[in-house]
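To keep things clear, I will list the structure first and then write my remarks on it.
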Amino acid sequence: MPLESFQNIFAGSPLDRAGERRGDGAWLAEQAASPHALALAMRDGQPLIEDAPEGGVRIAWLPARSAGELAGEVKPLFLGMLESNPVFAIDLQGADTPVEGARFEDLRSLALRLAPAEASISATAKAMFEWNRRHGRCAVCGATTQPAEGGWKRQCPSCQSEHFPRTDPVVIMLPWHGDRCLLGRQASWPEGMFSALAGFMEPGESIEEACARELAEEAGLQAVRVRYHSSQPWPFPSSLMIGLIAEVENDRATPDEAEISEVRWFTREEARLLLAEGFEGMRAPGAFAIAHQILKAWADEATPGR
Ligand SMILES: [Zn+2]
């Protein structure tokens, strides 16, 4: 039975990561040599895509063996099994497009144009390459680390430490009071853009506590009830967005002026307009963003959610 959950863009990968088998070097080599093996090429975090005959865009899959040659000394990343097809990704840093008619494109701009399954596969590859690139040295002793398990682990040959890919949790929340919710904006955002408040979780706090702290810091609000909506892998470079809807004590909000330059309360009707065509020169993030989805969930509720 499929998992029942709200699925944000970049979640919902169809791949079986085969985590219990990717530590087996012989098995991995067998998968890489398979005539059915496919590879996603990436450059600087951008997947190689092509126009799909039916319209839109799709991943420009390469046969894994020729992809391996393109990658040279760089080991391909094992992404998992798509039914019986092994799927890899290669990091072609600085290379030209290896296929005529295909091109590298920014993942944010592709988020809603790729099929959700392909957006998710691309997001995984981007996050993994980024992690491997940034963790070439052991965080314990400083020696150069080596990739293992198809790229899902780095090992230190000097102190024997093992390093695993990191995911940084971010709470992103929509505060509401009575029949209105609050959105904020940062001065650096495009004009008229309002969004949910957000911040990195800190060690030693629960998700609810991080949400309450951020609401207090950024908008001077006191959370009284925090409800989970959904989460979203956000590979820029390695975040996990945790989407929350939080009831707050009162509507006296003050922007911190450091991160948040302006805050504003919106009714459900105004929120629906923000999400659709905009409202009085203001707008909310697009459907690829979890901020859009939590605002939509709240705006569509008939009565205040508890
Ligand atoms: Zn070390």
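Where a number appears in this text, it was derived from the coordinates with a stated rule and is not lab data. These figures come from a predicted structure and were not determined experimentally. Please note: Cβ atoms are built from the backbone with ideal geometry, for glycine as well, and neighbour counts cover all protein chains shown.
Tell me, what is the percent relative contact order of the chain, built from C-alpha pairs under 8 Å that lie six or more residues apart? Don't jump to the answer; show the numbers that get you there.
Details: 622 pairs, mean separation 51.5, N = 306.
The normalised contact order for the chain reaches 17 percent.
With the dipole of the chain worked out from charges on the C-beta (+1 for Lys and Arg, -1 for Asp and Glu) around the Cα centre, which of 62, 2, 109 lies farthest toward the positive end?
62
Cα centroid distance between the stretch 6-39 and the stretch 111-150, in Å?
Cα centroid of the stretch 6-39 versus Cα centroid of the stretch 111-150: 14 Å apart.
Where Lys and Arg each count +1 and Asp and Glu each count -1, what net charge lies around residue 131 among other residues with Cβ under 9 Å from its Cβ? Numbers along the way, then the final one.
Values: positive: 133, 134, 154, 166; negative: 130.
Once positives and negatives cancel, what remains is +3.
Using a cut-off of 25 Å between alpha-carbon atoms, which lysines can reach residue 126, once sequence neighbours fewer than 8 places away in the same chain are excluded?
75, 153
Using a Förster distance of 41 angstrom, determine the FRET efficiency expected from the C-beta separation of residue 96 and residue 265, and round it to 0.05. Each step should come with its number before you reach the end.
Numbers: r = 51 Å, r/R0 = 1.23.
E between residue 96 and residue 265, to the nearest 0.05, is 0.20.
Taking a quarter of the surface of the Cα convex hull of the stretch 185-229, what do you get in nm²? Display every interim value, and only then the final one.
Numbers: hull surface 16.1 nm².
The Cα convex hull of the stretch 185-229, projected and averaged over all directions, gives 4.0 nm².
Calculate for the chain the 222 nm mean residue ellipticity that helices alone would give, adding -39,500 (n - 2.57) per DSSP H run of length 4 or more and normalising by residue count, nearest 500 deg cm²/dmol. Please report the intermediate quantities before stating the final value.
Details: 7 runs with 71 residues, N = 306.
Taken over the chain, the calculation gives -7000 deg cm²/dmol.
Arranged by the count of other C-beta atoms within 10 angstrom, fewest first, what order do 260, 290 take? If you can, show how the numbers build up before the last one.
Numbers: 260 20, 290 26.
Arranged by neighbour count, lowest to highest, 260, 290 become 260, 290.
Mind checking the dipole of the chain: about its Cα centre, +1 per Lys or Arg Cβ, -1 per Asp or Glu Cβ, Debye to the nearest 20? Could you put the intermediate results ahead of the total?
Working: 29 positive and 44 negative charges, 112 e Å.
The calculated dipole for the chain is roughly 540 debye.
Taking the Cβ of each residue in 75, 153 as the centre, tally the other Cβ atoms inside 10 Å and list the residues starting with the fewest. Provide the component values of the computation, followed by the final result.
On the way: 75 19, 153 16.
Listing 75, 153 from fewest to most nearby Cβ atoms yields 153, 75.
Between helix 116-134 and the chain, what is the angle of the helix's C-alpha long axis to the longest principal axis, kept within 0 to 90° and rounded to the nearest 10?
80 degrees
Could you work out how much longer the chain between residue 16 and residue 58 gets when fully extended? Use 0.36 nm per residue separation minus the Cα distance between them, nm to one decimal. Walk me through the numbers before you get to the answer.
Details: separation 42, 0.36 × 42 = 15.12 nm, distance 2.01 nm.
Length gained, residue 16 through residue 58: 13.1 nm.
With θ set to phi - 60° and the Karplus curve 6.51 cos²θ - 1.76 cosθ + 1.60, what are the ³J(HN,Hα) couplings of the stretch 86-91 in order, to the nearest whole Hz, using x for Gly and Pro?
The phi angles translate into x, 10, 10, 9, 10, 9 Hz.
Classify the stretch 86-177: rounded, prolate or oblate, from the alpha-carbon gyration tensor (a ≥ b ≥ c, eigenvalue square roots; a/c under 1.5 rounded; otherwise prolate if a/b is larger than b/c)?
Details: a/c = 2.54, a/b = 1.23, b/c = 2.07.
In terms of gyration-tensor shape, oblate.
Determine by what factor the alpha-carbon radius of gyration of the stretch 46-98 differs from 2.2 N^0.38 Å, reporting the quotient. Let's see the in-between values first.
On the way: Rg = 12.1 Å, N = 53, 2.2 N^0.38 = 9.9 Å.
The value comes to 1.21.
Which listed residue (271, 45, 76) has the Cα farthest towards the positive end of the charge dipole for the chain, taking +1 on Lys and Arg C-beta and -1 on Asp and Glu C-beta about the Cα centre?
Going by the Cα projections, it comes out as 76.
Between the alpha-carbon centers of the stretch 77-106 and the stretch 216-261, tell me the distance in whole angstrom.
Measuring centre to centre over Cα atoms gives 36 Å.
About the Cα centre of the stretch 198-251, what is the dipole size in debye to 20, counting +1 per Lys and Arg Cβ and -1 per Asp and Glu Cβ, all else neutral?
Working: 3 positive and 10 negative charges, 52 e Å.
Dipole size: approximately 260 debye.
Give me the one-decimal Kirkwood hydrodynamic radius in Å for the stretch 150-306, with the sum taken over alpha-carbon pairs. Walk me through the numbers on the way to the answer.
On the way: mean 1/r = 0.0607 Å⁻¹.
Value: 16.5 Å, from the Cα pair sum.
Work out the length of the dipole vector of the stretch 213-280 about its Cα centre, built from +1 on the beta-carbon of each Lys and Arg and -1 on the beta-carbon of each Asp and Glu, and round it to the nearest 20 debye.
Values: 7 positive and 14 negative charges, 83 e Å.
With only Lys, Arg, Asp and Glu charged at Cβ, the dipole is about 400 debye.
Are there cysteines in the chain with no second cysteine's Cβ under 4.7 Å away, and if so, which?
Lone cysteines by the Cβ rule: 181, 211.
Neighbouring Cβ atoms within 10 Å as the yardstick, rank 17, 133 fewest first. Could you put the intermediate results ahead of the total?
Values: 17 16, 133 12.
Lowest count first: 133, 17.
Just want the answer: with Cβ charges of +1 for Lys and Arg and -1 for Asp and Glu, which residue in 221, 187, 161 is farthest toward the dipole's positive end in the stretch 144-303?
Farthest towards the positive end: 161.
Check which residues have an amide H placed less than 5 Å from residue 256's amide H, if you skip close sequence neighbours.
Distant-sequence amide H within range of residue 256: zero hits.
Which loop GluC sites (Glu not before Pro) in the stretch 117-200, with loop taken from DSSP, have no more than 13 other Cβ atoms within 10 angstrom of their Cβ? All intermediate terms of the calculation are to be shown ahead of the outcome.
Working: sites: 118, 130, 149, 162, 191; in loops: 191.
When the GluC sites (Glu not before Pro) of the stretch 117-200 are filtered for loop state and at most 13 Cβ neighbours within 10 Å, 191 remain.
When you have a sec, figure out the Kirkwood radius of the chain from all distinct Cα pair distances and drop it here in Å to one decimal?
Numbers: mean 1/r = 0.0471 Å⁻¹.
Taking the inverse mean of 1/r over all distinct Cα pairs, the chain comes out at 21.2 Å.
With a ≥ b ≥ c the root eigenvalues of the C-alpha gyration tensor of the stretch 2-139, is it rounded (a/c under 1.5), prolate (a/b larger than b/c) or oblate?
On the way: a/c = 1.31, a/b = 1.13, b/c = 1.16.
Verdict is rounded for the stretch 2-139.
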